[in-house]
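Take a look at the structure set out below.
The values are calculated or read from the model by the stated rules, or taken from the named source; none is laboratory data. Fair warning: this is a prediction, and the values are worked out from it, not measured in the lab. Here the Cβ positions follow ideal geometry from the backbone for every residue, glycine too, while neighbour counts run over all protein chains shown. Accessible surface is based on the protein model in full, side chains and every heavy atom, while ligands, DNA and RNA are left aside. Shrake-Rupley method; radii C 1.70, N 1.55, O 1.52, S 1.80 Å.
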Amino acid sequence: MQVLEAVVIKFNRALDFLAGVILAFTAILIVSNILGRALLGRSILGTYEMVGFLTAAVVGLALSRCALENGHIAVGFIVEKFPPGAQKIINLVISIPAMAFLALVAYNLFAYGSRVAVTGEVSPTTQIIFYPFIYVVAFGFLALALTVFFNLLRQFVGGERI
Amino acid sequence: MSPTMVGLIGICVFFLLIAHKMPIAYAMAMVGFAGFSYLTSTSAALSMVTSEFFSTFSRYSLSVIPMFILMGFLAFHAGMGTRLYDLAYKMVGHLPGGLAIATQATCALFGAVCGSNTATAATIGAIALPEMRKYNYDTSLSTASVAAGGAIGVLIPPSVIFIVYGIAAEQSVGRLFLAGIIPGILLMSLYMLVIYFLARKYPYLGPPGPRSGWRERYMALGGGLVEVMVVFAISLGGLFAGWFMPTEAGAVGVAGVLLVTALKRRINASIIVRSLSDTTRTTAMIMLLVGSAVVFGRFIAISRIPFAMAEWASELALPSFAVIALILLIYLVLGCFIDALALILLTIPIFLPVAVDILGYDPIWFGVIIVMVVAMGVITPPVGMNVYIIQGVAGDVPLEKIFRGIWPFLFAIVVALALLIIFPGLATFLPSLI
């Protein structure tokens, strides 16, 4: 379990690091666009659409690490009054449908990305090929579903807390 | 079964799920998907969920969220709060309750570069609590003053909650930011008055600190205040002047914080990496919440609940003031249990049409009022987020003790709300100038 935990943590941190790099690049792109507009009278073509797609990639890549650290907001004060055994069962009942739903979203996002790739759909203004960004978000949802499963496993099998 | 009944059942199931600790974002998306599926078809619901998630995450107007969060985390990790507190402390530290009063001013100033009330509470708490402890301040007053002060940042721009309201209500983020300034200053002033009068009546609550000389005060001005003013001027000044879009203002704010902290050699690679990491985590949490709220909102829209609510409100034999009071009461109760962001995203599709289309209230004014009411939720039991954060910072203070000290500050928020309802211009005056 500890090996699995180490792998999951490293994997999520790697995704999150990538998200951080993309975020930094997005901020640099926006500021460069402003400077270009102000100083040279020229904008960087496609900034508006690219910033949107890059933000989607940041979100997709950071979803699972947020879940790993229990960062998605939940209301815990009722369940926390229950005995530990009951809390585990409630978590099991809650996590399984959540995991299935997130996996379903991931699957459908992959399918959506494939459709966009096949049809050659591009962004309306600057013709950016955007299906890779859909794949990144799909991958993020898949990683999120797996992290929900891992959190559940960790509760029943044990292992170190982060 | 009528669509409205399906919608009501969906809302009940949602509350049931979150009561069992399902993350609010998952619950909204799942109920939204299931309800939409029931009222249309499973394939339509799958298509809706997929496209809404991707289009929400990739919407340019939402990229403002990570930018302002990054700006706040950079300011937080680079220690801008410490220098602001030093300034406020030297100005008013000698008054009864002076350190707690200084805390309010610091929260408001730090709120001008940080969009998160929890980050504001954590930053200022870590700086102010040890000082107040050193001068034997009452623990309830000191901890509660920081927890409540963090909520001022909700109103002072940039505010993530205003951004989320703006997205949910389709209102200009720039106008909302402007609308929050006077109510934010008003709330800060009321907090200060409450602390001053309490400490004058019961001197053991907040004994005065040493008085600083004018030279010391002048020197402190050059530290924190100048940094904040520079960042605020280039980022939000540019937004208010119409030079930048909100996302651009956020990115310029990031560059501004980097610049002023680099000039003073207070930033390094480790701070930048930590800020990026904190930002991606917070952004993922907020954006999943927003995406899920869009899915839930689509279900609520086809369930016709907003129309039913609007009809109900128009048929009520109550003055519009009473209906608004009723809505605020609902927010107040729900705000005690649900996080502010989630609550706004969840309820705006239901209550905004009633307040704006039926009762004719200004959506910007309504936004300020709602944001202020949900801000009460961050300091009220049982899920007052800021109180938990301050408990974590203070270490050895029981939650009950902090909550006990919150009451005077809740009273101040209620007074601020009453003033905003009586004088709507407090919120609408500044936006009317642009």
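In the context of the full set of protein chains, the range A:89-160 has a per residue accessible area of 48 Å² (1.4 Å probe). Classify the range B:242-300 from the C-alpha gyration tensor, please: rounded if a/c falls under 1.5, else prolate or oblate depending on whether a/b exceeds b/c. Oblate shape, in that a/c is at least 1.5 and b/c is the bigger or equal ratio. Relative protection proxy for B:367-377, A:56-66, from highest mean packing down: A:56-66, B:367-377 (other beta-carbon atoms within 10 angstrom).
Excluding ligands, DNA and RNA and using a 1.4 Å probe, chains B and A jointly bury around 4500 Å² of accessible surface, summed across both partners.
Would you please state the base-10 log of I(q)/I(0) at q = 0.06, 0.08, 0.10 1/Å for the protein assembly as shown, with intensities from the Debye formula using one equal scatterer on every alpha carbon? Each listed q maps to, in turn, -0.30, -0.55, -0.88.
Based on C-alpha pairs under 8 angstrom that are at least 6 apart in sequence, chain B has a relative contact order of 25 percent.
Since only A:GLN87, A:THR126, A:ILE9 are under comparison, the one whose Cα sits farthest along the positive direction of the charge dipole of the range A:2-157, derived from C-beta charges on Lys, Arg, Asp and Glu, is A:ILE9. Protein heavy-atom surface of the range A:2-157, 1.4 angstrom probe: 72% of the accessible area is carbon and sulfur, with nucleic acids and ligands not counted. When nucleic acids and ligands are ignored and a 1.4 Å probe is applied, B:LYS201 ends up with an accessible area of around 140 Å².
Remark: mean inter-chain Cβ contacts per residue of A:26-33 equal 6, using a 10 Å Cβ-Cβ cutoff to other protein chain atoms. Can you tell me how the range B:175-250 classifies by the Cα gyration tensor, rounded, prolate or oblate, using a/c under 1.5 as the rounded cut? Verdict is oblate for the range B:175-250. Each of A:ALA143, B:PRO349, B:ALA119 was placed along the dipole of the protein assembly as shown (beta-carbon charges, centred on the mean Cα), and the one lying farthest toward the positive end is B:ALA119.
Express the relative contact order of chain A as a whole percentage, based on alpha carbon pairs under 8 Å and six or more residues apart in sequence. Normalised by residue count, the contact order of chain A is 33 percent.
Computed with every protein chain present, the accessible area of B:GLU311 is close to 110 Å² [probe 1.4 Å].
For A:ALA6 and B:LEU332, what is the calculated FRET efficiency with R₀ set at 60 Å and r taken between the beta-carbons, to the nearest 0.05? The computed FRET efficiency comes out at 0.85. Hey, any idea what % of chain B's accessible area is carbon plus sulfur with a 1.4 Å probe? Looking at chain B in its full context, I get 69 percent from C and S.
Across the range B:62-121, the relative contact order, built from alpha-carbon pairs under 8 Å that are at least six residues apart, equals 42 percent. Taken about its Cα centre, chain A carries a charge dipole of roughly 100 debye when the Cβ of each Lys and Arg holds +1 and the Cβ of each Asp and Glu holds -1. Accessible area ranking (1.4 Å probe, heavy atoms, ligands and nucleic acids excluded), largest first, for B:MET91, B:MET287, B:MET1: B:MET1, B:MET91, B:MET287. Relative to one another, the C-alpha centroids of the range A:1-63 and the range B:9-53 are positioned 29 Å apart.
Comparing B:GLY222, B:GLY209, B:GLY35 in a Gaussian network model of chain B, where Cα atoms under 10 Å apart are tied by springs, the biggest mean-square fluctuation is seen for B:GLY222. Largest GNM mean-square fluctuation among B:MET385, B:MET219, B:MET229, using chain B with Cα springs under 10 Å: B:MET219. Measuring against 23 Å, Cα to Cα, the residue pairs B:LYS134/B:LYS201; A:LYS10/B:LYS21; B:LYS134/B:LYS401; A:LYS81/B:LYS21; A:LYS10/A:LYS81; B:LYS90/B:LYS134 contain A:LYS10/B:LYS21; A:LYS10/A:LYS81 as the ones spanning a longer distance.
About its Cα centre, the dipole of the protein assembly as shown is roughly 1240 debye, where the only charges are +1 on Lys and Arg Cβ and -1 on Asp and Glu Cβ. Shielding of peptide B:271-279 by partners, expressed as the average count of other chain Cβ atoms within 10 Å per residue Cβ, is 4. Please list, in order, the residues from the range B:322-336 whose amide nitrogen is less than 17 Å from a point placed 7 Å along the Cα→Cβ vector of A:LYS81. Counting backbone N atoms under 17 Å from the label point, the list is B:334, B:336. The listed residues B:THR40, A:THR26, once ranked by accessible area (1.4 Å probe) with the largest placed first, stand as B:THR40, A:THR26. This model, with +1 at the C-beta of Lys and Arg and -1 at the C-beta of Asp and Glu, gives chain B a dipole about its Cα centre of some 1180 debye. Ellipsoid fit via the Cα gyration tensor, chain B: semi-axes of 37, 24, 20 Å, each the root of five times an eigenvalue, largest first.
These residues, B:SER159, B:SER2, go from largest to smallest accessible area, 1.4 Å probe, as B:SER2, B:SER159.
In the full protein context, chain B carries 36 Å² of accessible surface per residue, based on a 1.4 Å probe and ignoring ligands, DNA and RNA.
Per the Debye calculation on the range B:84-139 with a single equal scatterer at every Cα and no solvent contribution, log₁₀ I(q)/I(0) for q = 0.25, 0.27, 0.29 Å⁻¹ amounts to -0.96, -1.08, -1.18. Burial annotation for the range B:9-30: residues with an accessible-area loss of at least 20 Å² between the isolated chain and the complete set of protein chains, computed on heavy atoms with a 1.4 Å probe, are B:ILE18, B:ALA19, B:HIS20, B:LYS21, B:MET22, B:PRO23, B:ILE24, B:TYR26, B:MET30. Excluding same-chain neighbours fewer than eight residues apart, the aspartates and glutamates reachable from B:LYS264 by a Cα-Cα span under 13 Å are B:GLU227. Between B:LYS134 and B:ARG211, the contour length at 0.36 nm per residue exceeds the Cα-Cα span by 26.2 nm. Of B:ALA25, B:ALA269, B:ALA412, the residue with the greatest mean-square motion in the GNM of chain B, using alpha carbon springs below 10 Å, is B:ALA269.
With the simple spin-label model, which puts each label point 7 Å out from Cα in the Cβ direction, the B:ILE422 to A:LEU45 separation comes to 6.0 nm.
Measuring nothing but alpha carbons in the range A:2-157 and taking Rh as the Kirkwood radius, the Rg to Rh ratio lands at 1.10.
Distance from the Cα centroid of the range B:355-392 to that of the range B:173-208 is 17 Å (rounded to whole angstrom).
By a 1.4 Å probe calculation restricted to protein chains, A:LEU18 has an accessible surface near 90 Å², given to the nearest 10. Shape of the range B:1-65 from its Cα gyration tensor (a ≥ b ≥ c, root eigenvalues): rounded if a/c is under 1.5, otherwise prolate when a/b > b/c, or oblate? Taking the square roots of the gyration eigenvalues as a ≥ b ≥ c, the range B:1-65 is oblate. Computed from backbone phi with θ = phi - 60° and the Karplus coefficients 6.51, -1.76 and 1.60, the 3J(HN,Hα) list for the range B:195-200 is 5, 4, 5, 5, 6, 6 Hz; x is used for glycine and proline.
Near B:LEU95, the amide H atoms lying under 5 Å from its own belong to B:GLY209; only residues 5 or more places off or on other chains count, and H is placed 1.01 Å from N. Residue by residue along B:44-55, Cβ atoms of other protein chains within 10 Å of the local Cβ number 5 on average.
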